[in-house]
Structures are given as C-alpha cells and as structure tokens.
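What follows is a set of notes on a single structure, which appears directly below.
The values are calculated or read from the model by the stated rules, or taken from the named source; none is laboratory data. Fair warning: this is a prediction, and the values are worked out from it, not measured in the lab. Cβ placement follows ideal geometry from the backbone for every residue including glycine, while neighbour counts extend to all protein chains displayed.
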Amino acid sequence: MSYGAWIILTGSLVGVSCGIVGCFLILRKMAMLADAISHTVLLGIVLAYLVSHSLEGIYMLVGAGIIGLLTAFLVQVLDTSGVQSDAAIGVVFTSLFAFGVILLSAFAGQVHLDVNHALMGEITFIPWDTLTINGIELGPSAVWMLGIVLILNLTLIFLFYKEIKISSFDPAMATAIGIPVVFIHYLLMSMVSITTVASFDSVGAILVVAMLIVPGATAYLLTDRLLIMLLISAFIGVASAVGGYYAALAWNVSIAGSMASIAGLIFGATFILSPKHGLMGKVLARRSISAQHS
Amino acid sequence: MWNDLILTLQDANTQWVLFGSILLGIASGVLGSFALLRKQSLIGDAMAHAALPGICIAFLLYGTKSIGWFLVGAAISGLIATYFIQTIITHSRIKEDTAIGLVLSVFFGFGIVLLTKIAQSENGNQSGLDDFIFGQAASLVGTDVKVISGVAIALLIITFLLFKELKLFTFDRQFAKGIGLPTGVLNALLMTLIVSAVVIGLQAVGVVLMAAMLITPAISARYWTDRLDRMVIIAGGIGALSGMLGTILSSLASSLPTGPVIVVAATLIFIFSLVFAPQRGLVSKGLKLYKLRKEVARETVLQSMFDLTETAATTGGEIGFSKDDLVERRPMSDRKLQANLAILQKEGLITKTSVDLWKLTSKGAIESYEITLNNRLFETYLMYEMKFANLQLVANDSWNYKEIPSRTLSELKEYMEIHDRTPKLDPELFAAGGIYSDQSDYQRREVN
C-alpha cells in the first residue's frame, strides 16, 4: 500500500472508532467528560512510560485506561460532594493534564514524546512506524492498534447494545429493570479512554475530541434512530478523515487539524440543511404552518 | 535555592512578569466567579481554545508578533465561538456540553491548520506562537506585560463599577429584566469581560489550561463563603497567589512551562479548600455528620428506654431492661449500644438496677420524656402534614415542639391523642416514685 493510503486508512479507523463511541457520549450528555478524558490520557501515557520504560501500545492502553477511569471517577466524586458538574470536570481535567505536562517537561530527556506531538498528533509519521513480527512487515503499528480497539469497541457495543441503549435514553428505567448503570457508565468511559489513546498518536489529544463529538453531533441532527445514527456517524468520521487528508495535501497543512476542520464544515452544512433538525428545515416547517393558517 | 530565588526576583523582567501574572490571576479569579455561578465554566475553556485561530489570523494579517493585535484576534474569535455555541443550543436539539465540545475542538483544529501554515510561510518567524499552547510567562516582555496589566486593571474597574448590576443579573436574570436592566447588553458585556480575561492569560498560561484560571480559584473561593462580594475577593486572591507561585517556580526551572505550574498551584489550593474549609469542607462536614450520628444514637437509646418504661408502667411490668430489650425496640449494634449506655450512665440519666438491667433515673425520665414527646409530635405532624402546612417546615432536623405556636401545638396534641401516641409516663410522678398510668386522669391533667 502506498504512503497516502496508509494515512487514509489510519484516519478512517480513527473516524469510525471515535464516531461510534461519540454517539453514546452525545446521547448521554457526556461530551465534556470525553473532552476531559482526552486531555488526561496524556498523564496516563507519561506515567505508563515512566513505569514501563517503553512506548509500546499495550502499556499506553493500560495507562490511559486507568487514568481515563480515574478522571471519570474523580469528576463523579467531586460532583457528589457538591461541586457543580461543569466545574468538577474543569478542575479535574486541567489539574491532571497540567500534572502530565509537568512530568513530560521534567523527564523530557527520557520520554520520546514531545508535548506538541501529544497535542496535535503526527499522522504523517504513522506509515514508517511499522509492526514487524519474525521479520515480516505487517504494516503500521498504529493501524493494528486502531483496528484492535475498533473490534473491541464493536464487540462491547454488540454485547451490551440493549443495555447501553436503554441506560442512555432512560437511566431511571434502566436502573429500575436491573441494568448495572454504573458498570455501563464506566464501560463507556473505558471505551473512550482506549479509543482516545489509540487515536492519540495520529490526531493528538484535542483533535480526538473533534473526532469524538462532531460526527456524532452531525448524525444526531439527521436521524432519530440509534443504529442509523451510529452508521451515519461512522461514515462522517471516515469522510472527515479522507477529506481532511486531501485538504491538508492541497494546502500543505496539518492533517489532523484539517480533519477537524472538515468535520466542522460537515457539521455546519448539516446544521443549516438538515431536513428535520436543521435551520432550513425549521424555517420551511414554520412557513408551511403559517401558509396553512393564512 | 533561596539565593537563586532572590536573584531571580531582582531581575527587572521577572518583576514585570510576576506583576503581570498576579494581576492576571486576580482578573481571572474575579470573572471566573461570575462564570462559575452562571454555570458557564466550560465556556471559558471553549473561548480559550477558540482563541488560537484568532491569534493565527492576527499574525497572518499583521505579519509579526504583536500582543495588541493578538488580543484583538483572540477576543474576536473567542466571541464568535461563544456566539456559535449559543446558536447551536438555541436552534437545534444539540445540548450545551456537546455544543461546547464541538465548537472548541473544531476551532482548535482550525487553529492548528493555521499554525502549520504559518510555520511554512516565508516570514516563518512564528516564534512565540507555540508558547500560546502551554504558556510561557518567561517569554513575556515589558510591553506585553503593560498591555496585559492594562487590560486586567480595566476589567477589574468595569467589574467594580457594575458589580451590583452583574450580581443581580447573575443570580436572577428575570428580576433584573423586570426592573429594567438591559440584560442583553449585560450578557454581552459579561461574555466580553470573560473573553478578555481568557485572552490576556493565553500567553502566560496557554490555551489548553486557561480554563483552569477561571474555574479553579472561583470554585475554591466558593467553599469559604456564601456572599458574592467575598467570593470575588477570595477568588482574586487565590488567582493571584497561584499566578505568583507558578511564575516563580517556572522561572527557577527553565524547562517548566508556566501554565501547568500555575494550574497545579491553584489545584493544591482547591484541594486544601475542599478538605479544610469551615462548614463546606470535607473535614467539617465529616465532623458534623459524626456529631449528628452520636446525638441520634444517644436519643435513640433514651427513647427506647422511655418506650419500655412506658409499656411496663401501663401494663404493670417490671421496670428494668436488658440490652436485648433495647435492641428489640430499636436495632443498634452491640458496641454502639454499650458505648451509649455508658455515656448515659455517666450523665446520670440511667442507672443499673442489677447486673445487666437498666432503668431511667428521674433526670433521665425528664429528658427522655422531652425527646419522646418531640418525636411523637413530629410523627403526628408528618401524618397530617397538609393540615399543618402553615408551619412551613423545610428540614426535619429543625423540629422542636417548643417553637410551635400554642394553638397549633394543642391541635397537634389532639391528633396525637387520637392515634394513642401521647406519652403516658409523667416524668415528675416517675421521679416521685409513682408511675402515672391512668389514661383518663392523664388527659384531665393535660387539659389543665
């Protein structure tokens, strides 16, 4: 496969994984918690490196998973102890992220991970960092990691689809019929953490948020059915990745940044044009109502 | 270490930077208090991230690094982002948190695109633009600090002059509108003030962590007071303190970016407030809970003693009760019961009749009578809550029958009598050695 094709594949895998997980975040009104986790994952990665002294995927996934859950847990703790929820998220993520950046600067000589890289990602380097087993080259390791995380996410969603769906739309009923709502919450948070860390290398901490939230929000404006929303969201994720790659190529700018920008443009167009929940749709609906009454 | 510190502090540039970051801390703490109370803390986060493309565009248009134009660019794109967030919330079914996350990440992504574009452009001396991501107070020069301090002081003066209006608007928007305040203008003004506070902090703290400067001092101050004027002052103080600590620490170790150090300093102050603040802090809450539990346990044992004595007196049974009797009346762990019995004995409220049997003393009878009467009146009140709505009780821990108007109290007592819940043991007669058990006689006494 060519250099460009690997990058498109990587970007698309990020788009699909984030797009699917992101739908649930939007339905559960936890978008900012995902934003928080995507920042704190940095601390997880730095700590994982300082403990294991390796930059291998599995350590990163474990470290990020633990810190991601810790973030969700701390926010929950502050929330129940009376801090209003937006401030709880703000305090937790900024402090953990700041701590991560300080560690990173303090051990800068040892960690082969610079802050800008962590923040913005370096998808252009992905194709060169290949996975080699027994001397056979198996393609970029990021693609493998993203693929595994995607399969893991899909399996978890498939297994717990009904539970996640009910607890997202009606948490009170879910609790009443005996669904372990807390478990589902932390399951989703783990999915967000590992998806974030897998996408981290390619698109960086803050643009992961764009890939998590924007496709889901766009899909939310287009349909009322969860399954279709998941499909549309995954598709928009891929479309932003591919569009972003070619836009970046054309203007010679950051690929990750233009993926986020394209996703934003798609959202903007949908926001105006969506037949049911868009601005135009609403104007048309209002006009037809006033036409009927006049 | 100390020599280093003194040397660093003698440096004129460091003094400027320190002065700037202290003013910055005050301004963001003060405005953060308003953002927090309006539940808009995370909008500050969005504004900070959204400032990045504004800074880049200002650089592209102006050509070199200029703090003034950067502030203008950042403020404009921050305001545009805020406007987008509000539009998305009002015109679609997307909720606030999603809208914030969406605008924040897309603006930041676009900012990164522009940043890479600038890096390749011919006047690629983009030195300083990277500092906006994590903040580097050391990179501030005299003119930067003058602009930052000027804006911070202007923000503080505006807030001081319009304090009353902003306060009213923050707590009760409807009322503010009702008495004729221009709420639309105030909203726009407050947003502009917050954006300006965010923008002047960008170079020292960075876009990613600027939100903490708005949120952390304000939420810490919230623990210490319930009054907005005090909260604003405390938040300003905490902001100033963390700004100062962060700047000094990061100027001592040159590899440390300033923003994260300031944020960690602010977070430590927050944790201190969370744990030790009077009234709201975890320690004082824990103490309060402990005291309440202790009191409830003591009252529970006393009331059980009263109930048992009452039953024994009316049926002519033996006065003297074992621990099993008490546990059967109101379940309690053995250790806790033992401890409470010991306390009550020490207070002279109960005494041992034989090895393991307890009875009320005359003093104990009076106190347990009061407790029982109070609790039974409360039970009666709960049964007829609607009839006694005039009492307007909020929390049940404030229930004290002596505070109830006498007419209502006698009404309550009538209902208590209907349900046969009137305490039938007269503590005075009990003390005199007799036991009051005659129902009709009791009623007669009570009416008198």
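Which of the residues spanning the range B:277-298 are surrounded by 12 or more Cβ atoms within 10 Å (Cβ to Cβ), away from every other protein chain (no Cβ under 14 Å) and closer than 30 Å to B:Asp226 by Cβ? If the condition is that a residue be surrounded by 12 or more Cβ atoms within 10 Å (Cβ to Cβ), away from every other protein chain (no Cβ under 14 Å) and closer than 30 Å to B:Asp226 by Cβ, then B:Lys294 is the only one that fits.
Restricting the range B:85-117 to residues that are in contact with a helix residue (DSSP H, G or I) (Cβ under 7 Å, 6 or more places away or on another chain) and more than 9 Å from chain A (Cβ to nearest Cβ), the residue that is nearest to B:Ala204 (Cα to Cα) is B:Ile85. Tell me yes or no: at least one residue of the range B:207-216 is within 30 Å of B:Leu168 (Cα to Cα) and under 13 Å from the mean Cα position of the chain (by Cα). Yes, the range B:207-216 has at least one match. Can you name the residue in the range A:77-88 that is facing another protein chain (nearest Cβ under 7 Å) and part of a helix (DSSP H, G or I) and, of all such residues, is modelled with the highest pLDDT? The residue in question is A:Ala87.
Of all the residues in the range B:388-424, those that are assigned to a helix (DSSP H, G or I) and modelled with pLDDT of 80 or more number 13.
Here B:Lys39 clears all of (1) within 14 Å of chain A (Cβ to nearest Cβ); (2) on the phi < 0 side of the Ramachandran plot; (3) surrounded by fewer than 18 Cβ atoms within 10 Å (Cβ to Cβ) except the condition numbered (2). Of the numbered criteria (1) buried (at least 20 other Cβ atoms within 10 Å of the Cβ); (2) assigned to a helix (DSSP H, G or I); (3) within 12 Å of another protein chain (Cβ to nearest Cβ), the one B:Met47 fails is (3).
Annotation: A:Leu284 fulfils all but one of (1) more than 29 Å from A:Ile157 (Cα to Cα); (2) touching a residue at least 60 places away in the same chain (Cβ under 8 Å); the unmet one is (2). Could we say that B:Val263 is buried (at least 22 other Cβ atoms within 10 Å of the Cβ), away from chain A (no Cβ under 14 Å), part of a helix (DSSP H, G or I) and out of contact with any strand residue (DSSP E or B) (no Cβ under 7 Å at 6 or more places or on another chain) here? When the stated conditions are applied, B:Val263 does not pass them. With respect to the conditions (1) under 25 Å from B:Ile133 (Cα atoms); (2) away from chain B (no Cβ under 13 Å); (3) not aromatic (Phe, Trp, Tyr), A:Ala210 lacks only one, and its number is (2).
Just one of the listed residues (B:Thr353, B:Thr314, B:Thr372) is more than 28 Å from B:His419 (Cα to Cα) and in the same structural domain as B:Thr300 (by TED's automatic domain parsing), namely B:Thr353. Residues in the range B:266-278 that are part of a loop (DSSP other than H, G, I, E, B) and of a type in the set (Gly, Ala, Ser): B:Ala277 only. Restrict the check to the range B:68-77 and report whether at least one residue is in contact with a Pro (Cβ under 6 Å, 6 or more places away or on another chain), within 28 Å of B:Ser149 (Cα to Cα) and either within 13 Å of chain A (Cβ to nearest Cβ) or in a helix (DSSP H, G or I) (or both). Yes: one or more hits. For the range B:159-233, the helices (runs of 4 or more DSSP H) that sit wholly inside it and include 3 or more residues that are assigned by TED's automatic domain parsing to the domain that holds B:Ser273 and more than 19 Å from A:Ser95 (Cβ to Cβ) are B:163-171, B:173-178, B:183-205. Restricting the search to helices (runs of 4 or more DSSP H) fully inside the range A:190-294 and requiring at least 2 residues that are out of contact with any helix residue (DSSP H, G or I) (no Cβ under 8 Å at 6 or more places or on another chain) and β-branched (Val, Ile, Thr) gives A:279-293.
In the range B:236-260, the residue that is nearest to A:Val101 (Cα to Cα) out of those that are at the interface with chain A (Cβ under 9 Å from one of its Cβ atoms) and in a helix (DSSP H, G or I) is B:Pro260. Every listed requirement among (1) among the aliphatic types (A, V, I, L, M); (2) within 30 Å of B:Leu168 (Cα to Cα); (3) free of Cβ contacts under 8 Å to residues at least 24 places away in the same chain is met by B:Val30 save one, (3). For A:Met280, the conditions (1) closer than 17 Å to B:Val113 by Cβ; (2) within 12 Å of another protein chain (Cβ to nearest Cβ) all hold with the exception of (1).
Return a yes/no flag: does the range A:232-241 have any residue that is surrounded by 13 or more Cβ atoms within 10 Å (Cβ to Cβ) and touching a Lys or Arg at 6+ places or on another chain (Cβ under 6 Å). No, there is no match, as no residue in the range A:232-241 is surrounded by 13 or more Cβ atoms within 10 Å (Cβ to Cβ) and touching a Lys or Arg at 6+ places or on another chain (Cβ under 6 Å).
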